[in-house]
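Visitor: Here it is, the structure in full.
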Amino acid sequence: MEELEKASLENEVAQGEVQEQQVHEQPPETLIEKYISRTFKEGDLIKGLVVAVENDSALVDIGYKSEGIVPLKELSREPVSSAKDVVKVGDELTLYVLKVEDDQGNIILSKKRADYEMAWARIKEAFQEGKVVEAPIARNVKGGVLVDLGIWGFVPRSQIGSKLRGNRNLIGEVLRLKVVELDEENRKFTCSARKVEEEERELKKVQVFTKIKEGDIVSGKVSRIVDWGVFVDVGGVDGLIHFSELSWGAPKHPSKFVSVGEEIKVKVLKVVPEEGRISLSLRQTEPDPWENVELKYPVGSTAQGKVVKLGKYGAIVELEKGISGLVHISELADEKVNKPEEVVKMGDEVLVKVINLKKKERRITLSMKPTELEKETPPPPKSKAKNQERVEHLATLGDIWRTTSKE
């Protein structure tokens, strides 16, 4: 009997230990249901479920001996006329404990302060970890704008970013930002969209310079046009097309060939990663017209061309796109010419003769002299056919007449 009683006692002790262990392992939500009261202190952030909403307040179940009260002014950062405009029954809220008990013994809570504290925690984390955050521009202020991250943050006008810089109507525009300054004591912070742009641009540069190679044909968008060439965005990095690489034709202002925003194909001529420089060519995406120039325009041949430039030493005549030659002032006419304008004007269609060709130097010398044009150009040598050789050996009627006269 004593042994049975001893075993029963040991079993009861073991069950008591198990029950005590289960209580400690239960999550907080279960403990709220198990125990009638909880302990709070001012400054705590807690969860609550809205159980009733009046115009001037909301009643929240927080697992306490009584519900918590959220006054109207503590529901939102923005002024509202009724609590019903902010919350409804069944909403789960994160709340800040303002007072554990007021004069009537109620616990006073604030959604507005909880939102503020959570926003400040996110801002601190973004600053410490260098995270990118997004926020709309809420208002213009002296020297910049304020953005809304749950707390007003300042963005200097110089840090707004290239996409919106100079734009006066900024309200509502969403910026991608980094927190660059944090005043924890006064809870103020400064952001920069420009820093995000610069960092992303540097990352793109690394990616572009890793994969782009000399000789590649790539797509790009014209980003800027200057007197000496065209800048083209190739995957986030600007490359330069020097004006001499825009066209095989006569040199013209770069704006005559492309326009800002235009999508074009370009050839990569040179890549210098350490200098962040890429040299491009537009003309080398097309066949070189000088490739077979000696067959198209042999010395002594004549061709039709267009006067595209006049200068002190003569006229430039374009034979086709990419091939132009010089008619020296001395070759414009048989008589002496003082100025090219005395003979031709811009845009004239003229007949010229090729008098010199240097393919390697890409130079053709032309003549417009009537006496030069009238000269018969000897045909290029050809292999003679047998019947042609036989005809050339036949006597002409003149030969026969001369022979008869002598006899």
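The values are calculated or read from the model by the stated rules, or taken from the named source; none is laboratory data. Computed from a predicted model, the values in this text were never measured in an experiment. All Cβ positions, glycine included, derive from the backbone under ideal geometry; neighbour counts span all protein chains shown.
Visitor: Considering only segment 131-156, how many residues are touching a helix residue (DSSP H, G or I) at 6+ places or on another chain (Cβ under 7 Å) and assigned to a strand (DSSP E or B)?
Guide: 3
Visitor: Quick check: is even one residue across segment 157-170 in contact with a strand residue (DSSP E or B) (Cβ under 9 Å, 6 or more places away or on another chain), assigned to a helix (DSSP H, G or I) and surrounded by 17 or more Cβ atoms within 10 Å (Cβ to Cβ)?
Guide: Yes, segment 157-170 contains at least one residue that is in contact with a strand residue (DSSP E or B) (Cβ under 9 Å, 6 or more places away or on another chain), assigned to a helix (DSSP H, G or I) and surrounded by 17 or more Cβ atoms within 10 Å (Cβ to Cβ).
Visitor: Filter segment 89-130 for residues that are of a type in the set (Val, Ile, Thr) and either in a loop (DSSP other than H, G, I, E, B) or in contact with a Lys or Arg (Cβ under 8 Å, 6 or more places away or on another chain) (or both) and give the result.
Guide: Here is the first cut: in segment 89-130, the residues of a type in the set (Val, Ile, Thr) are 89, 94, 97, 100, 107-108, 123.
Correct list: Val89, Thr94, Val97, Val100, Ile107, Ile108.
Visitor: Now for a different question. Looking at Glu214, Glu181 in this structure, which one is touching a strand residue (DSSP E or B) at 6+ places or on another chain (Cβ under 7 Å), of a type outside the set (Phe, Trp, Tyr) and part of a loop (DSSP other than H, G, I, E, B)? Can you show your working first?
Guide: Values: Glu181 fails: part of a loop (DSSP other than H, G, I, E, B).
Checking each option against the conditions leaves just Glu214.
Visitor: Output the number of the condition that Thr302 fails; it satisfies all remaining conditions of (1) surrounded by fewer than 18 Cβ atoms within 10 Å (Cβ to Cβ); (2) closer than 18 Å to Val344 by Cβ; (3) touching a Phe, Trp or Tyr at 6+ places or on another chain (Cβ under 7 Å).
Guide: Every listed condition holds for Thr302 apart from (3).
Visitor: Are any residues in segment 108-122 free of Cβ contacts under 8 Å to residues at least 60 places away in the same chain and in contact with a helix residue (DSSP H, G or I) (Cβ under 9 Å, 6 or more places away or on another chain), and if so, which ones? Outline the logic, then answer.
Guide: First, the residues of segment 108-122 that are free of Cβ contacts under 8 Å to residues at least 60 places away in the same chain: 108, 110-113, 115-116, 119, 121-122.
Residues satisfying the conditions are Ile108, Ser110, Lys111, Lys112, Arg113.
Visitor: Right, something else. What are the pairs with Cβ atoms under 7 angstrom where one residue, in segment 281-295, is more than 16 Å from Gly325 (Cα to Cα) and the other, located anywhere, is surrounded by fewer than 16 Cβ atoms within 10 Å (Cβ to Cβ) and among the hydrophobic types (A, V, I, L, M, F, W, C)? Sequence gap at least six, or different chains.
Guide: Cβ pairs passing all conditions: Thr285/Ile217.
Visitor: Can you pull out the residues in segment 190-208 that are more than 14 Å from the chain's Cα centre (by Cα) and either over 25 Å from Gly130 (Cα atoms) or without any contact (Cβ under 8 Å) to a residue 12 or more places away in the chain (or both)?
Guide: Matches in segment 190-208: Val206 only.
Visitor: Based on this model, can you work out whether Ile323 counts as crowded, with 17+ Cβ neighbours inside 10 Å, among the β-branched types (Val, Ile, Thr), outside the structural domain of Ser244 (by TED's automatic domain parsing) and within 17 Å of Pro289 (Cα to Cα)? Steps first, please.
Guide: Numbers: crowded, with 17+ Cβ neighbours inside 10 Å: yes; among the β-branched types (Val, Ile, Thr): yes; outside the structural domain of Ser244 (by TED's automatic domain parsing): yes; within 17 Å of Pro289 (Cα to Cα): yes.
Spelling it out, Ile323 is indeed crowded, with 17+ Cβ neighbours inside 10 Å, among the β-branched types (Val, Ile, Thr), outside the structural domain of Ser244 (by TED's automatic domain parsing) and within 17 Å of Pro289 (Cα to Cα).
Visitor: Would you tally the residues in segment 128-145 being under 20 Å from Arg77 (Cβ atoms) and surrounded by fewer than 17 Cβ atoms within 10 Å (Cβ to Cβ)? Break it down stepwise before answering.
Guide: The initial filter retains those residues of segment 128-145 that are under 20 Å from Arg77 (Cβ atoms), namely 133-141, 145.
Applying the additional criterion that residues be surrounded by fewer than 17 Cβ atoms within 10 Å (Cβ to Cβ) yields 134, 136, 138-141.
Residues meeting the conditions: 6.
Visitor: Of the residues that sit in segment 217-250 and are among the acidic types (Asp, Glu) and within 20 Å of the chain's Cα centre (by Cα), which one is surrounded by the fewest Cβ atoms within 10 Å (Cβ to Cβ)?
Guide: First, pick out the residues of segment 217-250 that are among the acidic types (Asp, Glu): 227, 233, 238, 245.
With within 20 Å of the chain's Cα centre (by Cα) added as a condition, the list becomes 233, 238.
Working: Asp233: 15, Asp238: 19.
Restricting to residues being among the acidic types (Asp, Glu) and within 20 Å of the chain's Cα centre (by Cα), the top hit is Asp233.
Visitor: Return the only residue of Lys267, Lys296 being touching a Pro at 6+ places or on another chain (Cβ under 9 Å), surrounded by 13 or more Cβ atoms within 10 Å (Cβ to Cβ) and either farther than 18 Å from Lys221 by Cα or basic (Lys, Arg) (or both). Outline the logic, then answer.
Guide: Details: Lys267 fails: touching a Pro at 6+ places or on another chain (Cβ under 9 Å).
Answer to the check: Lys296.
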